[in-house]
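The values are calculated or read from the model by the stated rules, or taken from the named source; none is laboratory data. These numbers were taken from a predicted model, which means no experiment stands behind them. Reconstructed Cβ throughout: ideal geometry from the backbone, glycine too, with neighbour counts over all protein chains shown.
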Amino acid sequence: MPKECFAIGKRAVVCQDTEMKGEIDIGSGTVLHPQCKILAESGPIIIGSNNIIEENVTIINKYHIFSYSTQKNIHNIYINNYSRQPTPLIIGDENVFEVGCYVEGSKIGNKNIIEAKARVLGNTSLGDNCVIGAVCSTKKDEAIPNNTVIYGDHHNRRTQTASGGVSFNK
Amino acid sequence: MSQQIDARQRSYVHYYCPCPDVSKSNNNTGEDEEEDIVESIPDFDVNSPRIHFSTFPISKLYFCDDCHQIRCPRCVQEEIVCYYCPNCLFEVPTASVKSERNRCARNCFQCPICQNTLTVVASTEPPPPQPSASSNSSTSTTSGAPYYLSCGVCRWDSQEIGMTFEKATGLALQLQKTEDERPDVKEFDHLKDHFEKHLRLSAPSTTLPSSLLSIPGISSFSNRYGGGGFTHPQQKSDDVAKYNNTIKIENDDNLVHDLVQLKDVNQITTLTQRMNQLSDQPYKVERLQPQRIHLRTKRVKRCRSCRHILIKPEQKAQATRFKIKLVALNHIPKLTITSLPKLFLNQSTEIILKFSNPLYEEIIVDLALKKDETTETTEYAKIKLLAPHFNITPYNEVWEYDEQDFNISSKGRPSSTASAPKPDIGIYERRGNYTSVKIEITPLAEVDELKFPLLVTYANKVNDNNDNETSGDAPANDSSTAAETVSSDKPNTDADKPNTDADKPDTDVNKPKTDDTDKGESTPTTKSLFFWTVIGLGPVVNPATVKPPAPTRSPLTNNNSNVAPTRTNINSGKA
Amino acid sequence: MEPPIVYYPRSEYIETDTGNKVSRKSVICGSQNIILGGKTIIQTDCVIRGDLRRTGGGHAVVVAIGRYCLLAKGSIIRPPYKTYKGIFSYYPMKIGDHVTIGEGSIVEAATIGSFVHIGKNCVIGRFAIIKDCCRIEDNTVIPPNTVVPSFSIYEGSPGMFVDELPECVQDLYEAKTKDYYSKFQSKDS
């Protein structure tokens, strides 16, 4: 059972009706709207400063990081060794997690926008300035480079010219 | 459970419009026509392959109150009354629609990548992009700054193709110059100049509506084919001087080479993207341009046989009201399936059909599966109408504003105002302006969709004066000429279409008979109308092949009619 | 197919004087800034953010919802925000009469007209304007700042015009919402 431990920075706002579990570190100026869930199940979740996390967002550090090794045992049979390591999910600064999105992931950079009902799956890591469009999802366990935009019915991708980014001050 | 929801969604009541079959009956030999007139009601085959093109949900249908006929979207004529941009909702005057090439001439553009609407964004400082200009930011942060178009979905922006604007308004105008430079536009202008000389010579015949006259070539077309243009000593269209094209578009030889080199599918345009840029249909993503948004129209709809207006919207682009609105929903009884238990092979099931009366007069309804037949056995099912004759009390606006409660206490109210409810066989419920009847169905074959035809004949008791008033409503808006043409057209249509107007007297003859069987009521004038419907009930399940046959059945039927038990109790209590 | 009567446990919903039925399991923030027109149903797990209001003091209506509306299970109503002249602010939202918002849909529109049907799991982007008499099919994403003109059916992601609605849609949706309200009944259990 992971320990319950919240560290919340200055100027951060955590509304009531949020569900938080495990070891969570929230940077300054980050806003958590009601009904969002931050679940640090397998390891800590470290959230940077000035992020916005809207309603019904789920950010979860799931049991998905395994170290994997194969060795022979004394009977010369291969044995697979899985061991769970509590790796943290690190989220950078100035990201927006819009209503109802679902983020597993291993690392989120800065200035990303995860739009409404979007999903970041598995062990995926996000660079900076990415947009995961509404109702879009990443594949499992991929590394998404900076400035990637995922949009539309078929989860198309393109690279945006680096003019994006959001500003907010609440 | 999910299966059952599926079945519910797949059930429907569609109304048949005979318009596609009118021509068929016209082409028939004289003998057949005779027969048609005698039989008056055309046959209707639910298994016809064309069924999907001639049956519609009631919401899509119109009702011509001059022909007393259902009109479907395929048998109305449309005339454009107003053009507007669907994005900025500006009304575009008809005169400038053509010169603006049927697209918005303001600020509305479509994203070349994802076809979303673009927004105008001000860039604060072009070289180092500042985060203060957010993707959906306002247009006027700093004055004098260059503006660009930005897409909120795929984050494309027009700076990528070097497109910026000096002002935030009238962007299309600023692009006008580059658009006029396009080779296809130039060539078209040349072509138009070339043929215009010739077109001017052929005098326009005035048989066409003025809205079509503005299309070059239409007038000469009608001259040649309609107005007997060959008889006039005019210059024949073949005499046009030879046209030499002025612009040649070079074939891009490098294109094939470049395409061979492609490694990333995102570097090539999709079919949709190319089709949205018809002028050059580029393969390279960099050559895609934002396109101005197509205009939309508001249209008047007319009955094809009598030219009466069925739909007349208000001129203003943003108005949602109609000056004339003759929709079927307000004129013919509406059928709804209210209870549809799951259909099992060889098990007789009762479904409940609700008939609502939109009219202010009481109507008498006769149902039949075929002509005068209330039971029918096909290879798919045995169907029995338990209540082939019934009446529906008129629609009363007061009820609309009343609390519509389904509580037992308020139950008696409508029936007390209506004629005293008799314990009719097969009548499930009578309330307000509707009557629900039972139909017994025994599926005989396992099919994906069980459907059956239902002929609805209804007569409403109207005074003659009243009738004149209602039908006189529509021509008031139309010109008097329209009314004249109607009267002169009448005999023609009668002869042409035995199954439209001609049947009216016929069914009127039948009328007293149905009255007798129903109640024996007779009013001085009744008008009787009929229409075919097709009722789809979803799939038939064979209980033998379904995994848990008996156990699932009883909870399902219970579930699905969690309305029904209470109501049937009420009914029986009343009886 | 006619919809059946929907029963809810009497204790779950609060009924107001004007006939609004609001689930106790919904999250209504800043209720002093929310207006319900009457006979509107707000179902379980809905979120309405009336607390996200324009910066600066004073009482303001943030979310105005008309009569005979239905916010189905899990739908989220959230006023739109933008940064205008460097100031981040929320802006009010208005929803007309006879509007149905399907299960799990997220609405951040500026205006939704009357006689509008929004399907299940839709996302209506910030400052979208949906005019009267429209239909948004299930799973549609209406991008920010989009205008949906009257009598349109929109579908897809991004939402595109796919068809026109028939002229009688106003009567249809009015009847549908009234019917739903009258069949949404409490039951002691």
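Quick rundown of the values:
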| quantity | calculated |
| --- | --- |
| In segment B:322-364, the residues that are more than 26 Å from B:PRO73 (Cα to Cα) and assigned to a strand (DSSP E or B) | B:THR338, B:SER339, B:LEU343, B:PHE344, B:THR349, B:GLU350, B:ILE351, B:ILE352, B:ILE363, B:ILE364 |
| Candidates C:VAL6, C:VAL47 - the one that is of a type in the set (A, V, I, L, M, F, W, C) and under 18 Å from the mean Cα position of the chain (by Cα) | C:VAL47 |
| Selection from segment A:85-111 of residues that are in contact with a strand residue (DSSP E or B) (Cβ under 7 Å, 6 or more places away or on another chain) and within 12 Å of another protein chain (Cβ to nearest Cβ) | A:VAL96, A:GLU98, A:VAL99, A:GLY100, A:CYS101 |
| Hey, C:GLY19 under 14 Å from the mean Cα position of the chain (by Cα), within 14 Å of chain B (Cβ to nearest Cβ) and surrounded by 13 or more Cβ atoms within 10 Å (Cβ to Cβ) or not | no |
| Any hit, segment A:8-27, residues being surrounded by 16 or more Cβ atoms within 10 Å (Cβ to Cβ), over 21 Å from A:LYS117 (Cα atoms) and among the acidic types (Asp, Glu) | yes |
| Filtered residue count, segment C:111-124, keeping only those that are closer than 16 Å to A:VAL99 by Cβ and free of Cβ contacts under 8 Å to residues at least 40 places away in the same chain | 5 |
| The lone exception for B:ILE51 - which of (1) of a type outside the set (Phe, Trp, Tyr); (2) closer than 21 Å to B:LEU455 by Cβ; (3) within 14 Å of chain C (Cβ to nearest Cβ) it fails | (3) |
| Given (1) assigned to a loop (DSSP other than H, G, I, E, B); (2) at pLDDT 95 or above, index of the condition C:LYS25 fails | (2) |
| Matching helices (runs of 4 or more DSSP H) fully within segment B:174-260 where at least 1 residues are more than 30 Å from B:ASP280 (Cα to Cα), in contact with a His (Cβ under 9 Å, 6 or more places away or on another chain) and at pLDDT below 75 | B:218-225 |
| Complete set of residues in segment C:22-55 that are touching a residue at least 60 places away in the same chain (Cβ under 8 Å) and surrounded by fewer than 20 Cβ atoms within 10 Å (Cβ to Cβ) | C:GLY37 |
| Hey, C:ASP163 part of a loop (DSSP other than H, G, I, E, B) and more than 10 Å from chain B (Cβ to nearest Cβ) or not | no |
| Some residue of segment C:56-63 being surrounded by 20 or more Cβ atoms within 10 Å (Cβ to Cβ) and of a type outside the set (A, V, I, L, M) | no |
| Elements of type strands (runs of 3 or more DSSP E) in segment C:33-131, at least 1 residues being facing chain A (nearest Cβ under 10 Å), more than 26 Å from B:CYS88 (Cβ to Cβ) and not hydroxyl-bearing (Ser, Thr, Tyr) | C:47-49, C:87-90 |
| Residues satisfying the stated conditions in segment C:179-189, i.e. under 30 Å from B:HIS331 (Cα atoms) and either more than 7 Å from every other protein chain (Cβ to nearest Cβ) or hydroxyl-bearing (Ser, Thr, Tyr) (or both) | C:ASP179, C:TYR180, C:TYR181, C:SER182, C:PHE184 |
| Options C:THR83, C:THR111; residue that is under 17 Å from the mean Cα position of the chain (by Cα) and either modelled with pLDDT of 95 or more or surrounded by fewer than 24 Cβ atoms within 10 Å (Cβ to Cβ) (or both) | C:THR111 |
| Restricting segment B:38-59 to residues that are assigned to a helix (DSSP H, G or I) and without any contact (Cβ under 8 Å) to a residue 40 or more places away in the chain, the residue that is farthest from the chain's Cα centre (by Cα) | B:VAL38 |
| Selection from segment B:264-306 of residues that are surrounded by 15 or more Cβ atoms within 10 Å (Cβ to Cβ), out of contact with any strand residue (DSSP E or B) (no Cβ under 8 Å at 6 or more places or on another chain) and in contact (Cβ under 8 Å) with a residue 60 or more places away in the chain | B:GLN273, B:LEU288, B:GLN289 |
| The listed residue being in contact with a strand residue (DSSP E or B) (Cβ under 9 Å, 6 or more places away or on another chain), within 8 Å of chain B (Cβ to nearest Cβ) and either β-branched (Val, Ile, Thr) or more than 17 Å from C:ALA110 (Cα to Cα) (or both), out of C:PRO149, C:PRO158, C:PRO143 | C:PRO158 |
| Long-range neighbours under 6 Å by Cβ, at least six apart or interchain, first residue among the hydroxyl-bearing types (Ser, Thr, Tyr) within segment B:314-337, second at pLDDT 90 or above | B:THR320/C:ASP132; B:THR320/C:CYS133; B:THR320/C:SER150; B:THR336/B:LYS354 |
| Tally, over segment B:168-189, of residues that are exposed (fewer than 13 other Cβ atoms within 10 Å of the Cβ), among the charged types (D, E, K, R) and under 16 Å from B:ALA105 (Cβ atoms) | 2 |
